Structures are given as C-alpha cells and as structure tokens.
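See structure below.
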Amino acid sequence: MAQGSFISDIKELRARARKHIENGAVTEGYKVDRELALKLLNEALATEIVCVLRYKRHYYAATGIHSEGVKAEFLEHATEEQLHADQIAERITQLGGEPNLNPEGMLTRSHSEYVEGETLVEMIKENLVAERIAIESYSEMIRFFGEGDPTSRRLMEEILAKEEEHANDLRDLLQRMDAH
Ligand SMILES: [Fe+2]
Ligand SMILES: [Fe+2]
C-alpha cells in the first residue's frame, strides 16, 4: 500500500479491475473462500424457503379464538422470509453462483426445521425455535464474511436483525397466550 494512501495503488487497482471482467462483482479484492460463501448463502436460502413454507402452513392451519392476531403475524413473517430468500438469491448470482431452489434436499440444506405443530401454542413455539436457529447460524455467517465480503455480511446483518424481531414477536405472542 502506498504511503499515506488508504486505497491500494490506484494504477494496480485499475489494472486488476480490467482483468477477469467476466467475474462481474467478484474482484481480486474479494477475500473469502467464494465456494464456501456460496454454500453458506445457499443454506441461508434454503432456511428462508423452509421458513416461508412453515409460516404459510401455520397461517392456514391456525384456528381458534386467539388465532386472528397470530395468523396475521405468521403471514407477515412469511412475506418477510420470502423477501430474505429473494435478497439472498440475488446475492448468490452477484457472486457468480446459482441459487439452489431444488425442492429435493431443501430440508437438508436448511438449518431450520419444518414442524407443523398441532395447537396454536405449538406452532408459535416451533416458529420461535426456527428463528433462534436462524439467529445463531446467521451470526456465524456474519463472522465468516467479516471484512472479506462486506456486502454479504451487511445483507446477513439486516436479515439477522429481522429474525431477532421475529423471535421477539413470537415470544410476545406466547406470553399473551399464557395470560389467557
Ligand atoms: Fe428470514
Ligand atoms: Fe424470521
């Protein structure tokens, strides 16, 4: 790095940018293992899809006197998980990878599980468990991306904040159910 300059040598940087333009957004400055990054992002993608399906199932299955507010929450979460899935798929293509949306193996790639649950309380609990799994695994991904892939890190940080909100919503719902 040139003395007094924060950015590495500009001439060198320009020359490097011209090489391998077929790699699009992935430059030589990309500092994490790209294959591993794509594998992790595909696991996050599967996690989101499984969450969409579980929330949708619960949205349609929820019945009973307290179900209206809970249903609305499930539907809102399903919509937000779908948005996360789209954002992650987009990032995978930016990194030159292929979003894996093959239903076969989806549950294996996903970190969260698909549990239907019988009662409203069971459904809320299963969703809370799934959110807590996502929170832990996304936190690890964020540490992996670190300074080497700040864009993926930022994306996963945004998503993580949303999952924390979801977990909090579900805990509130559980407490309200207990109060009845
Ligand atoms: Fe999500
Ligand atoms: Fe979530």
Could you compute the FRET efficiency for ILE135 and LEU107, with r as their C-beta to C-beta distance and R0 at 25 Å, rounded to 0.05? 0.85
Once label points are set 7 Å from the Cα along Cα→Cβ at both GLU90 and ALA161, what is their separation, rounded to one decimal in nm? 1.6 nm
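Determine the per residue accessible area of the chain with all protein chains present and a 1.4 angstrom probe, expressed in square angstrom.
Here the per-residue accessible area is 59 Å².
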Write out the chymotrypsin sites (Phe, Trp or Tyr not before Pro) in segment 1-69 meeting two conditions: DSSP loop, and at most 12 other Cβ atoms within 10 Å of their Cβ. PHE6
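In debye, nearest 20: dipole of segment 51-176 around its Cα centre with unit charges on the Cβ of K, R (+) and D, E (-)?
On the way: 14 positive and 26 negative charges, 21 e Å.
Here segment 51-176 has a charge dipole of around 100 debye.
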Roughly how much of ASP172 is accessible, in Å² to the nearest 10, using a 1.4 Å probe? 60 Å²
Low-density loop GluC sites (Glu not before Pro), segment 96-165, at most 16 other Cβ within 10 Å, DSSP non-H/G/I/E/B, are GLU104, GLU113, GLU116, GLU118, GLU147
Return the Cα extents of segment 93-149 along principal axes one, two and three, sorted largest first, each rounded to a whole Å. 43, 27, 15
Within segment 1-93, list the GluC sites (Glu not before Pro) lying in a DSSP loop whose Cβ has at most 14 other Cβ atoms in a 10 Å radius. GLU28
Based on Cα coordinates alone, diagonalise the gyration tensor for the chain, multiply each eigenvalue by 5, take square roots, and list the semi-axes in whole Å, largest first. 40, 17, 11
Using 1/(1 + (r/R0)^6) with R0 = 25 angstrom and r between the beta carbons of VAL121 and LEU75, what's the FRET efficiency to the nearest 0.05? 0.85
Using the alpha-carbon atoms, what tilt in degrees (0 to 90, nearest 10) does helix 67-94 show relative to the longest principal axis of the chain? 20 degrees
With a 1.4 angstrom probe the carbon and sulfur portion of accessible area for the chain, in percent, totals 52 percent
Rounded to the nearest 10 degrees, what's the angle between the helix 150-179 long axis and the longest principal axis of the chain, both from Cα atoms, 0 to 90? 10 degrees
Value at 222 nm in deg cm²/dmol, rounded to 500, when DSSP H runs of n ≥ 4 in the chain each add -39,500 (n - 2.57): -24000 deg cm²/dmol
PRE zone check, label point 7 Å out along Cα-to-Cβ of ASP172, amide N under 15 Å, scope segment 132-165, hits 162-165
Students often forget the sequence filter, so: which lysines lie under 27 Å Cα-Cα from LYS162 once same-chain residues fewer than 8 apart are removed? LYS31, LYS39, LYS56, LYS71, LYS125
Compute the acute angle (0 to 90°) between the alpha-carbon long axis of helix 120-145 and the principal axis of greatest extent of the alpha-carbon atoms of the chain; round to the nearest 10°. 10 degrees
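The values are calculated or read from the model by the stated rules, or taken from the named source; none is laboratory data. Here the structure is a predicted model, which is why all the values come from computation and not from measurement. Quick reminder, even Gly has a Cβ in these numbers, built from the backbone with ideal geometry, and neighbours come from all protein chains shown. The protein model used for the area step is the full one, side chains on, heavy atoms only, and it has no ligands, DNA or RNA in it. Shrake-Rupley method; radii C 1.70, N 1.55, O 1.52, S 1.80 Å.
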